[in-house]
Amino acid sequence: MSEIQGHYKEDWHSSWWYQPWLRLLVGFATISFVISVSVHESGLESFFFIGLSLLFVVPLEKLIPRHPIGTFRPELLTDLFHHFVSGFLGVVPLIFLYPLLHEFQWATLTSLIQSQPVWLQIAGALLLSEFLIYWGHRFSHEIPFLWRFHSVHHSSKNLDWLAGERRHPVDQACMSFFVGIPMILSGFSLVDLLIVGVLQNLWDMTIHANLGWRLKLLDGIWVTSEFHHWHHSLNPEARDKNYSGALPVYDWLFRTYYLPKDKKPGPYGIDTHMPETYLGQLIQPFVFQEKTRLFDNR
Ligand SMILES: [Zn+2]
Ligand SMILES: [Zn+2]
């Protein structure tokens with residue numbers, strides 16, 4: 001363990017919120033929250049993700065792995081907690097916001113968009129949402145305050161079917177609002193937004209997965225696991241690259257496209273301390289750190 005990491009560990013252990021009774025209480029409250037939310041609100045969506053992954057993505061990872069990772073790799077349970085909590089936080093704000101923001105939609109633009117054929121509405125919603133995802137993601141790297149929360153997502157050392165679910169609720173909520181509010185105001189229907197959201201989420205299941213496929217035919221057209229694995233790579237050449245969620249055209253347009261033909265991505269992670277537990281990762285962005293972002297020499 002490096003000197004910096006050791007220093008953080010000491011800080012972490014001596015903090016008041018590290019007391020066992022407090023961790024137990026917060027842990028119990030979180031578990032109760034997660035279970036009640038899963039059952040009553042986002043249960044279907046969350047369990048649908050797990051079911052689809054176990055049926056299709058996990059067997060594919062066994063067939064064509066990119067790296068040798070065990071099925072029960074470290075921090076799997078931590079990521080499972082993230083999946084249930086952040087998945088819920090990503091969807092619910094929009095469901096509450098839609099009726100409120102619906103009132104402020106510009107009628108002319110709304111009727112223009114909604115008079116188009118469905119395929120064109122979906123293509124438009126995809127292009128606009130990908131543009132917003134690109135910039136929301138880029139800001140979460142370039143603004144140090146936002147990086148504190150987004151670095152939780154980047155702290156995974158093993159990328160697989162569940163690793164992408166590791167997101168701090170604040171990071172998830174910021175992204176949902178940044179993408180969701182303009183999307184609703186621009187006049188797309190809730191059905192358009194849901195169809196695009198489902199498409200993006202289904203593909204998202206594969207981009208973090210431990211899949212050794214190269215999918216060269218999709219280079220520059222659609223984001224592949226290799227493309228997004230570079231985004232998580234500790235390699236200095238790959239830093240602040242490949243922000244796109246599904247359409248790499250925005251990385252190409254804004255000069256952040258990185259997909260070398262002769263190298264493979266990895267290792268992954270961040271160079272600052274991140275606790276391994278779910279609760280620790282929730283709190284870590286609020287802990288003072290001298291060094292708050294990757295390769296802090298820009
Ligand atoms: Zn990122
Ligand atoms: Zn990612």
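The values are calculated or read from the model by the stated rules, or taken from the named source; none is laboratory data. Given the structure is predicted, the values throughout are model-derived calculations rather than measurements. Because the Cβ atoms are built from the backbone with ideal geometry, glycine has one as well, and the counts that use them run over all protein chains shown.
Hey, any hits in the range 148-160 for a residue that's aromatic (Phe, Trp, Tyr), more than 16 Å from ligand 2 (Cβ to nearest atom) and over 30 Å from Ile64 (Cα atoms)?
Scanning the range 148-160, I find no residue that is aromatic (Phe, Trp, Tyr), more than 16 Å from ligand 2 (Cβ to nearest atom) and over 30 Å from Ile64 (Cα atoms), so the answer is no.
Any residue in the range 110-132 that is among the β-branched types (Val, Ile, Thr) sitting within a Cβ distance under 6 Å of a residue that is crowded, with 17+ Cβ neighbours inside 10 Å and not in a helix (DSSP H, G or I)? List the pairs, counting only those 6 or more apart or interchain.
Close Cβ pairs satisfying both conditions: Thr110/Gly187; Ile113/Gly187.
Of the residues Leu199, Leu185, Leu194, only one is modelled with pLDDT of 85 or more, closer than 30 Å to Glu103 by Cα and surrounded by fewer than 17 Cβ atoms within 10 Å (Cβ to Cβ); which?
Unique residue meeting the criteria: Leu185.
For residues in the range 202-218 being modelled with pLDDT under 85 and buried (at least 16 other Cβ atoms within 10 Å of the Cβ), which is farthest from Glu61 (Cα to Cα)?
Filtering the range 202-218 down to residues modelled with pLDDT under 85 leaves 202-205, 213-218.
Then drop every residue that is not buried (at least 16 other Cβ atoms within 10 Å of the Cβ), which leaves 204-205.
On the way: Asp204: 15, Met205: 12 Å.
Checking each candidate, the answer is Asp204.
Return yes when Thr256 is surrounded by fewer than 17 Cβ atoms within 10 Å (Cβ to Cβ), at pLDDT 90 or above and hydroxyl-bearing (Ser, Thr, Tyr) and no when it is not. Spell out how you get there, then give the answer.
Values: surrounded by fewer than 17 Cβ atoms within 10 Å (Cβ to Cβ): no; at pLDDT 90 or above: yes; hydroxyl-bearing (Ser, Thr, Tyr): yes.
It is false that Thr256 is surrounded by fewer than 17 Cβ atoms within 10 Å (Cβ to Cβ), at pLDDT 90 or above and hydroxyl-bearing (Ser, Thr, Tyr).
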